[in-house]
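The values are calculated or read from the model by the stated rules, or taken from the named source; none is laboratory data. Not measured: the values here are computed from a predicted model. All Cβ positions, glycine included, derive from the backbone under ideal geometry; neighbour counts span all protein chains shown. SASA here: full protein model, heavy atoms, side chains in, ligands and nucleic acids out. Shrake-Rupley method; radii C 1.70, N 1.55, O 1.52, S 1.80 Å.
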Amino acid sequence: MQGVASVTRAPFPPAHALTASFRLPCSRRRCSPQTLRFPPLEGYLDEQFHQLEELQDDVSPNFVEEVVTLFFRDSSRLIGTIEQALQKHPQDFHRLRTHVERLKGSSCSIGALKVKSECTLLGEYCDEGNMDRCLRSFQKVKREHAILRQKLEAYFQLLRQVGPTEKASGSGN
């Protein structure tokens, strides 16, 4: 599979193209808004993700995937830090809140809508000093993070599979 990863593929579809039914992308030129739709991502990503896609071009054909990979590396580390902070006694809710805000900011950078929303709630529970709600909310953060990772992995895998076929066909719509 190493050879497949090095094959140049078409740019990601633009912003609002991840919402309804799935169709294969158009030729190597930038696709129209209705070209590629991936329903499993609906509700998980916001406009920020689509703006990242707009930055991707032939010079940086894997830009979005690289940014997402960095996000998951950093956010997984932050989740571990939050987990450790939740286990400390006595609780330092201010420090916990700081870690949650970092995860929320990181989530915003790729448009991880549900992770960001759960981080917002977790931050509010930190402000209240409510450990039980923090623990429950943190489980939701981890779950949404894991779901997003699975969905994006499937999305990028699909794009890798479609990319070489698209280039080989050489035809437009």
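Miscellaneous remarks
- Taken over segment 88-113, the criterion of being assigned to a helix (DSSP H, G or I), of a type outside the set (S, T, N, Q) and farther than 19 Å from Leu148 by Cβ is satisfied by Phe93, His94, Arg95, Leu96, Arg97.
- Meets criteria (of a type in the set (Gly, Ala, Ser), touching a helix residue (DSSP H, G or I) at 6+ places or on another chain (Cβ under 7 Å), in a helix (DSSP H, G or I) and touching a residue at least 40 places away in the same chain (Cβ under 8 Å)) for Ala85: no
- Test: residue in segment 70-82 that is under 24 Å from Leu52 (Cβ atoms), touching a His at 6+ places or on another chain (Cβ under 7 Å) and small (Gly, Ala, Ser): yes
- Answer from His99, His94 - the residue that is surrounded by 17 or more Cβ atoms within 10 Å (Cβ to Cβ) and either more than 23 Å from Ala154 (Cα to Cα) or under 22 Å from the mean Cα position of the chain (by Cα) (or both): His99
- Condition check for Leu103: closer than 17 Å to Asp46 by Cα and touching a strand residue (DSSP E or B) at 6+ places or on another chain (Cβ under 7 Å): no
- For segment 132-157, a residue qualifies if it is touching a residue at least 40 places away in the same chain (Cβ under 8 Å), open to solvent by 40 Å² or more (accessible area, probe 1.4 Å) and farther than 17 Å from Phe72 by Cβ, and exactly one does: Leu135.
- Residue match in segment 48-68 (condition: of a type outside the set (A, V, I, L, M, F, W, C), without any contact (Cβ under 8 Å) to a residue 12 or more places away in the chain and more than 27 Å from Gln161 (Cβ to Cβ)): no
- Unique match (being in contact with a strand residue (DSSP E or B) (Cβ under 7 Å, 6 or more places away or on another chain) and either modelled with pLDDT under 95 or open to solvent by less than 20 Å² (accessible area, probe 1.4 Å) (or both)) among Gly111, Gly163, Gly170, Gly123: Gly111
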